[in-house]
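Some notes on the structure that comes next.
The values are calculated or read from the model by the stated rules, or taken from the named source; none is laboratory data. Everything numeric here is computed off the predicted structure, so don't read it as measured data. Cβ placement follows ideal geometry from the backbone for every residue including glycine, while neighbour counts extend to all protein chains displayed.
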Amino acid sequence: MALVRILVDGYSLLHQWPELAPGKPRHSAAARAELVHLLTRYQDAISTPITIFFDGSGAPPGVPAPESSDPVEVLFSKAGQTADDLIERATHRFQAYGEVLVVTDDRVERDTVTGFGGLTASCSGFISNVQGVLAEFANELKQYNRTENQRFKQNR
C-alpha cells in the first residue's frame, strides 16, 4: 500500500530538533514557522501530503484557518483535546486510503498508532530522513542548473 500522508506531532519533533530556530523557545511561533517551512520544502521533494499537529487551545491569533487541500496542513488541538487525539483520529480515518506514517517520540502514541495499522517513526529518524532528502534534492537542483546553464551557453 502507498503512503498517503505523514502525520507529525509538531512539538515532539521541535523538541528533538534544536538546530531549527536556534535560540527560540520550542513552543514559539518562530520555531513553529521554521518547522512548517522546512517540512513544506520536504513535502515538495517527496510529494506526500503532511499534517503537522500542535497541542494548544486552538490556533494562536493570526494563524489562518487550515485548508484540507494544502499539501502541508497545520492543525492545533482545541481545549479538551490533545494533538495525540487528533493524530489517532486522523490515522484511523486515513487507513482506508493507504498507509499513514506518524512521527512522534511518544511511545504510547506510537503503540496506539501501530495498533490502528499505521506506521511510526521516531523524531530523530525522521529528522535524518528529512535532512537526507533535502540534501539530495539540493544536489539534483544544482546539477540540473549546471546542465541548463551549459545548454544555454551552447545555444547562444
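So here's what we get for this one:
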item	result
Of all residues making up the range 120-141, the number that are surrounded by 12 or more Cβ atoms within 10 Å (Cβ to Cβ), over 14 Å from residue 39 (Cβ atoms) and at pLDDT below 95	1
Filter result for the condition that a residue is modelled with pLDDT of 95 or more and surrounded by 17 or more Cβ atoms within 10 Å (Cβ to Cβ), over 101, 75	101
Residue 109 being at pLDDT below 90, over 20 Å from residue 47 (Cβ atoms) and either part of a helix (DSSP H, G or I) or among the β-branched types (Val, Ile, Thr) (or both)	no
Scope the range 1-16; condition charged (D, E, K, R) and touching a Leu at 6+ places or on another chain (Cβ under 9 Å); matching residues	5
From the options 38, 20, residue that is assigned to a helix (DSSP H, G or I) and more than 21 Å from residue 119 (Cα to Cα)	38
Pick from the range 3-46, criterion of a type in the set (Gly, Ala, Ser) and touching a residue at least 24 places away in the same chain (Cβ under 8 Å), ranking: farthest from residue 134 (Cα to Cα)	29
